[in-house]
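I have placed the structure first, in the form of structure tokens, so that the comments after it can refer back to it.
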Amino acid sequence: MPTAPYRSAIAWSLIGCAGFFLLPWYAIADGFFTGGWIAGFVTNRDSAPAALQAIRFGRPWLAPPGILLVATLAVGFVSRDRRSLGRWLTPLGAAGFLYTLGQGFAIGLSGWSWPILGRVFGALDDRQVGLGVGALVVCAAFVFLCAAGLAAGGAFRGDGFVAGSVMLVAALVGLFTVFPVVRILSAAVEADGGALSPSALAARLFTAKIWRLDCLTGGGTCGVAWNTLLLALLTAASTTGLGTFVAEFETGGAPGTARSFRLAGRRRWRRWRRPPVAGTANDHNGHDSAPFIA
């Protein structure tokens, strides 16, 4: 029985459990590495780990990541083959990662981040600050547990390192690139109160400062859309022309100016070449010595 997938599953489950049970879940105002949070590890709700946050400080929504980590640890011990290990680890890791991030975004400094959550789950008399080292370790553990499950199931040719690298890059790109872009674009369809409003989208999309053509009549500047289009066309034309010039220059098929530049380059190269040494083999057979740039 192969042991690498099982070792990876058990190791990352233990790492995630350490982040859940031993490290502060929320960001520390004075910094994690100052060590000041250790004194209030059990008594201070701002520096307590997620397990204590859920049990002692009335934040039950933090319990599911711990339950999922214990489940992945059990799967690592009881699974009998790679396929069954992959079938369990992949959904458990993905669910843990998405839930941990989702609850962090859903509950903010003023309670529910979206009014619809308040209507569904009721009022929330609590808040959350930014996620800390404990949450970071737990999220990383879930990402690599999902990757270990994919590799155990045969994805990425069973290579756990490749699977982990791909999943880590995908998570980082999704979190720091895709999500901010989606947030910015979604704000375009929201009214001032935060509700969805197609009319607000139409008003923002067809505003005069985007499509105006005042630069053609001498009354001001053109809109952002036309400036962007002009910049794109100039960039495309200049890069295409430069690429064509370089290609013709290298292949030797360029007439006119390109050929003149090519000939000038060859002359300069010959000027800086070291002349052949008399009496060498190159001198006898009529070939030049190897070029040397001073």
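Only one entry of ALA147, ALA170 meets the criterion of being within 22 Å of ILE15 (Cβ to Cβ), assigned to a helix (DSSP H, G or I) and in contact (Cβ under 8 Å) with a residue 40 or more places away in the chain, and that entry is ALA147.
Here is a yes/no grid of residues against (1) modelled with pLDDT under 80; (2) part of a helix (DSSP H, G or I); (3) of a type outside the set (Asp, Glu); (4) surrounded by fewer than 11 Cβ atoms within 10 Å (Cβ to Cβ):
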{"position": "SER186", "(1), (2), (3), (4)": "no, yes, yes, yes"}
{"position": "GLY219", "(1), (2), (3), (4)": "yes, no, yes, yes"}
{"position": "THR228", "(1), (2), (3), (4)": "no, yes, yes, no"}
{"position": "LEU234", "(1), (2), (3), (4)": "no, yes, yes, yes"}
{"position": "SER238", "(1), (2), (3), (4)": "no, yes, yes, yes"}
{"position": "ALA247", "(1), (2), (3), (4)": "no, yes, yes, no"}
{"position": "GLU250", "(1), (2), (3), (4)": "yes, yes, no, no"}
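You will find that of LEU101, LEU145, the residue that is out of contact with any Leu (no Cβ under 7 Å at 6 or more places or on another chain) and either over 30 Å from ASP30 (Cα atoms) or assigned by TED's automatic domain parsing to the domain that holds PHE20 (or both) is LEU101 and no other. Residue count for segment 9-38 satisfying the condition of being of a type in the set (A, V, I, L, M) and either in a helix (DSSP H, G or I) or free of Cβ contacts under 8 Å to residues at least 12 places away in the same chain (or both): 7. Residues in segment 92-130 that are surrounded by 17 or more Cβ atoms within 10 Å (Cβ to Cβ) and not in a helix (DSSP H, G or I): ILE107, TRP112, GLN128.
The residue that is surrounded by the most Cβ atoms within 10 Å (Cβ to Cβ), counting only those in segment 56-85 that are closer than 30 Å to GLY130 by Cα and touching a residue at least 60 places away in the same chain (Cβ under 8 Å), is PRO65.
The values are calculated or read from the model by the stated rules, or taken from the named source; none is laboratory data. On a predicted model such as this, the values are computed, not experimentally measured, just so you know. Cβ atoms come from the backbone with ideal geometry, glycine included; neighbour counts cover every protein chain shown.
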